[in-house]
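Have a look at the structure below, then the notes.
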Amino acid sequence: MGRIQGNGIALLLDLDDCTGCFSCEAACRETHRYPYEEDWMRVVRRDPFLVDGKLRQYHLVAPVMDKCAACYDGEHEPLCVSGCPAAALRIGSLADMAREAEGRHCAIYTA
Ligand code: SF4
Ligand code: SF4
(Lines give C-alpha, C1' and ligand atoms only; values in the text may rest on other atoms or scores of the structure.)
(Ligands and ions follow the chains in the order given, each with its own letter.)
Protein backbone atom coordinates (compact mmCIF):
# COMPACT_ATOMS: atom_id res chain seq x y z
CA MET A 1 0.00 0.00 0.00
CA GLY A 2 2.86 2.34 0.88
CA ARG A 3 4.39 1.81 -2.52
CA ILE A 4 1.09 2.53 -4.26
CA GLN A 5 0.87 5.81 -2.35
CA GLY A 6 4.42 6.66 -3.33
CA ASN A 7 5.85 6.18 0.16
CA GLY A 8 8.04 3.18 -0.67
CA ILE A 9 11.77 3.61 -1.17
CA ALA A 10 12.93 4.01 -4.75
CA LEU A 11 16.32 4.21 -6.44
CA LEU A 12 16.53 6.30 -9.58
CA LEU A 13 19.17 5.82 -12.28
CA ASP A 14 19.63 8.45 -14.98
CA LEU A 15 20.41 6.32 -18.02
CA ASP A 16 21.92 9.23 -19.93
CA ASP A 17 24.31 10.17 -17.11
CA CYS A 18 25.50 6.72 -15.98
CA THR A 19 28.87 5.88 -17.49
CA GLY A 20 28.95 2.29 -16.24
CA CYS A 21 31.94 2.93 -14.01
CA PHE A 22 30.98 0.25 -11.46
CA SER A 23 31.61 2.60 -8.49
CA CYS A 24 28.15 1.97 -7.04
CA GLU A 25 28.81 -1.75 -7.09
CA ALA A 26 32.08 -1.26 -5.22
CA ALA A 27 30.51 1.29 -2.84
CA CYS A 28 27.76 -1.12 -1.83
CA ARG A 29 30.22 -3.93 -1.20
CA GLU A 30 32.53 -1.58 0.72
CA THR A 31 29.65 -0.31 2.88
CA HIS A 32 28.14 -3.66 3.78
CA ARG A 33 31.08 -6.04 3.43
CA TYR A 34 28.84 -8.89 2.38
CA PRO A 35 30.32 -12.23 1.32
CA TYR A 36 31.84 -12.33 -2.14
CA GLU A 37 29.19 -14.71 -3.48
CA GLU A 38 26.43 -12.22 -2.64
CA ASP A 39 25.46 -9.44 -5.00
CA TRP A 40 23.44 -6.55 -3.59
CA MET A 41 24.22 -4.13 -6.41
CA ARG A 42 25.35 -4.91 -9.90
CA VAL A 43 26.06 -2.78 -12.97
CA VAL A 44 24.83 -4.33 -16.20
CA ARG A 45 26.30 -3.28 -19.54
CA ARG A 46 23.85 -3.18 -22.42
CA ASP A 47 24.87 -3.82 -26.01
CA PRO A 48 26.23 -0.77 -27.81
CA PHE A 49 24.21 0.66 -30.70
CA LEU A 50 24.61 3.37 -33.33
CA VAL A 51 22.97 6.79 -33.10
CA ASP A 52 23.72 9.11 -36.05
CA GLY A 53 26.82 7.09 -36.84
CA LYS A 54 28.14 7.25 -33.27
CA LEU A 55 28.32 4.41 -30.78
CA ARG A 56 26.08 4.72 -27.76
CA GLN A 57 25.89 2.36 -24.79
CA TYR A 58 23.53 2.30 -21.85
CA HIS A 59 24.07 0.64 -18.50
CA LEU A 60 21.58 -0.51 -15.93
CA VAL A 61 22.04 -1.12 -12.24
CA ALA A 62 20.54 -4.13 -10.51
CA PRO A 63 20.08 -3.31 -6.82
CA VAL A 64 18.47 -5.69 -4.33
CA MET A 65 15.87 -3.20 -3.19
CA ASP A 66 15.04 -4.92 0.10
CA LYS A 67 18.67 -4.29 1.07
CA CYS A 68 18.47 -0.69 -0.15
CA ALA A 69 15.32 -0.03 1.88
CA ALA A 70 17.14 -1.26 5.00
CA CYS A 71 20.31 0.67 4.07
CA TYR A 72 18.68 4.07 3.49
CA ASP A 73 17.65 5.86 6.68
CA GLY A 74 15.67 8.55 4.89
CA GLU A 75 18.29 11.26 5.49
CA HIS A 76 21.82 10.19 4.68
CA GLU A 77 22.72 9.23 1.14
CA PRO A 78 24.19 5.73 0.83
CA LEU A 79 27.73 5.60 -0.58
CA CYS A 80 26.46 4.23 -3.90
CA VAL A 81 24.55 7.50 -4.38
CA SER A 82 26.98 10.02 -2.86
CA GLY A 83 29.95 8.33 -4.53
CA CYS A 84 28.54 8.13 -8.04
CA PRO A 85 30.91 10.31 -10.10
CA ALA A 86 28.20 11.05 -12.65
CA ALA A 87 25.54 11.91 -10.04
CA ALA A 88 23.37 9.41 -11.88
CA LEU A 89 21.82 7.78 -8.80
CA ARG A 90 19.24 9.17 -6.38
CA ILE A 91 17.36 7.51 -3.55
CA GLY A 92 14.19 8.62 -1.82
CA SER A 93 10.47 8.08 -1.72
CA LEU A 94 8.89 6.69 -4.85
CA ALA A 95 6.80 9.85 -5.21
CA ASP A 96 9.91 12.08 -5.10
CA MET A 97 11.85 9.87 -7.50
CA ALA A 98 8.93 9.76 -9.93
CA ARG A 99 8.84 13.58 -9.85
CA GLU A 100 12.61 13.78 -10.44
CA ALA A 101 12.38 11.38 -13.37
CA GLU A 102 9.83 13.47 -15.25
CA GLY A 103 11.12 14.39 -18.69
CA ARG A 104 14.35 12.45 -18.15
CA HIS A 105 15.52 9.07 -19.40
CA CYS A 106 15.56 7.16 -16.11
CA ALA A 107 15.00 3.74 -14.61
CA ILE A 108 13.28 3.56 -11.21
CA TYR A 109 13.61 0.57 -8.86
CA THR A 110 11.22 0.18 -5.97
CA ALA A 111 11.22 -1.71 -2.67
S1 SF4 B 1 25.27 4.69 -11.42
FE2 SF4 B 1 27.05 6.02 -11.11
S3 SF4 B 1 28.48 4.80 -9.91
FE4 SF4 B 1 26.99 3.35 -10.81
S5 SF4 B 1 27.91 2.68 -12.75
FE6 SF4 B 1 26.60 4.45 -13.21
S7 SF4 B 1 27.99 6.23 -13.15
FE8 SF4 B 1 29.04 4.55 -12.09
S1 SF4 C 1 21.31 1.79 -1.26
FE2 SF4 C 1 22.71 0.66 0.11
S3 SF4 C 1 22.20 -1.50 -0.26
FE4 SF4 C 1 21.33 -0.34 -1.97
S5 SF4 C 1 22.92 -0.40 -3.54
FE6 SF4 C 1 23.24 1.47 -2.35
S7 SF4 C 1 24.74 0.94 -0.77
FE8 SF4 C 1 23.89 -0.98 -1.60
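The values are calculated or read from the model by the stated rules, or taken from the named source; none is laboratory data. Keep in mind it's a predicted model, so treat the numbers as computed, not measured. With ideal geometry, Cβ positions are generated from the backbone for all residues, glycine too; neighbour counts draw on all protein chains shown.
Cβ-Cβ distance below 7 Å, separation of 6 or more or different chains: which pairs start in the stretch 86-111 with a residue that is assigned to a helix (DSSP H, G or I) and end on one that is of a type in the set (Val, Ile, Thr) and loosely packed, with under 15 Cβ neighbours inside 10 Å? Pairs found: Met97/Ile108; Ala98/Ile108; Ala101/Ile108. Residues that are away from ligand 1 (no atom under 11 Å from the Cβ) and among the β-branched types (Val, Ile, Thr): does the stretch 70-86 have at least one? No; the residues of the stretch 70-86 include none that is away from ligand 1 (no atom under 11 Å from the Cβ) and among the β-branched types (Val, Ile, Thr). Being more than 16 Å from ligand 1 (Cβ to nearest atom) and either without any contact (Cβ under 8 Å) to a residue 12 or more places away in the chain or not hydroxyl-bearing (Ser, Thr, Tyr) (or both) is a property that Lys54 has.
Scanning the stretch 50-63 for residues that are among the hydrophobic types (A, V, I, L, M, F, W, C), more than 15 Å from Arg90 (Cα to Cα) and at pLDDT 95 or above yields a single hit, Leu50. Among the residues of the stretch 75-97, those that are more than 12 Å from ligand 2 (Cβ to nearest atom), more than 11 Å from the chain's Cα centre (by Cα) and surrounded by fewer than 16 Cβ atoms within 10 Å (Cβ to Cβ) comprise Glu75, Pro85, Ala86, Ala95, Asp96.
If you check Asp47, Asp14 for being of a type in the set (Asp, Glu), closer than 25 Å to Gly103 by Cα and without any contact (Cβ under 8 Å) to a residue 12 or more places away in the chain, only one passes: Asp47. The single condition among (1) under 13 Å from the mean Cα position of the chain (by Cα); (2) surrounded by 16 or more Cβ atoms within 10 Å (Cβ to Cβ) that Arg29 does not meet is (1).
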